[in-house]
1. If you average the alpha carbon positions of the range 37-93 and of the range 123-138, how far apart do those two centres end up, in angstrom?
2. Can you list the HN-Hα couplings for the range 72-81, worked out from phi with the Karplus curve (6.51, -1.76, 1.60; θ = phi - 60°), rounded to whole Hz and with x for Gly and Pro?
3. Can you give the local net charge around TYR136? Use residues other than it whose beta-carbon is closer than 10 angstrom to its beta-carbon, Lys and Arg +1, Asp and Glu -1.
4. Whole-Hz Karplus ³J(HN,Hα) for the range 42-50, in order, using 6.51 cos²θ - 1.76 cosθ + 1.60 and θ = phi - 60°, x for Gly and Pro?
5. For the pair ALA39 and ASP74, what calculated FRET efficiency results from E = 1/(1 + (r/R0)^6), where r is the Cβ-Cβ distance and R0 = 30 Å, to the nearest 0.05?
6. Starting from the amide H of SER188, placed 1.01 Å from N in the peptide plane, find each other amide H under 5 Å away whose residue is 5 or more places distant or on another chain.
7. Chymotrypsin sites (Phe, Trp or Tyr not before Pro) within the range 45-93: which are DSSP loop residues with at most 13 other Cβ atoms inside 10 Å?
8. How large is ³J(HN,Hα) for each residue in the range 99-109, as worked out from phi by the Karplus curve 6.51 cos²θ - 1.76 cosθ + 1.60 (θ = phi - 60°), to whole Hz, x for Gly and Pro?
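We did not get these values from a lab; they are worked out from the coordinates using the rules stated. Note that the structure is predicted; figures quoted are calculated from it, not measured. Cβ atoms come from the backbone with ideal geometry, glycine included; neighbour counts cover every protein chain shown.
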Amino acid sequence: MQYILDYVAAAILGAALLLIILNANDTSAESHSLYNGDALVQEILVQTVFLLEGELRNMGVGVPENQGCILRADTSTIWFLYDIDRNAIPDTVRYYSGSVDEFAPTPNELDRPLYRKVNSEKSLVVGSVTIFRFRYLTRLGQALSTPVVAGQLSEIHSVEITMEVQNPYAMSRSEKQVGAGERNALYSSSIWQQTRLASQNNRR
């Protein structure tokens with residue numbers, strides 16, 4: 001009888017150790033996937049930010065002093081002027097986010113394209129975002145309501161940008177791993193916010 005109890009106890013202990021090893025393996029695999037996902041989204045975010053931030057800093061370059069350089073300003077879109085190719089003719093540059101339906105084939109239900117459009121050329125996708133938001137401030141730091149009406153465009157002194165990028169593909173999670181209100185997959189994300197990104201050329 002004692003031997004039987006010993007075997008049962010050993011079997012229970014062995015099963016417990018096996019479950020611990022399997023859980024540890026799952027945790028390790030999940031951590032590795034998240035690390036790779038974090039590196040990917042940070043790279044995507046840096047590339048997108050580099051382009052957007054550079055152009056906003058050039059806002060107004062080559063535009064006559066008596067002419068405003070911001071044409072439209074809304075929560076998720078901005079239109080502005082600057083002479084891209086230095087030919088003395090200001091170009092119209094527009095940044096705006098698309099809809100989640102445009103990225104419906106990706107597993108991430110929150111991602112959407114970020115577009116850049118120059119003059120009448122075709123819009124180009126320059127990134128993938130889950131959050132893309134502008135906030136416009138006056139010289140006194142007061143936030144302007146959006147969309148900014150035409151008569152207040154000249155009051156924009158600085159622009160705040162909030163942008164989040166998430167991995168379009170993620171590691172699925174089993175039902176037991178998903179808590180209440182959580183998504184059924186792990187999406188690596190990286191968020192960037194540049195506060196009061198003021199263009200020297202917009203201070204007219």
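1. Each part reduced to its Cα centre gives a spacing of 11 Å.
2. Calculated HN-Hα couplings, in order: 8, 9, 9, 4, 10, 8, 9, 10, 8, 10 Hz.
3. Numbers: positive: ARG135; negative: ASP74, GLU155, GLU160.
Its environment carries a net charge of -2.
4. Computed from phi, the couplings for the range 42-50 are 5, 5, 4, 5, 4, 5, 5, 5, 4 Hz.
5. Numbers: r = 33 Å, r/R0 = 1.09.
Once rounded, the FRET efficiency stands at 0.35.
6. ASN167
7. none
8. Whole-Hz 3J(HN,Hα) from phi for the range 99-109: 9, 5, 5, 6, 10, 4, x, 7, x, 6, 7.
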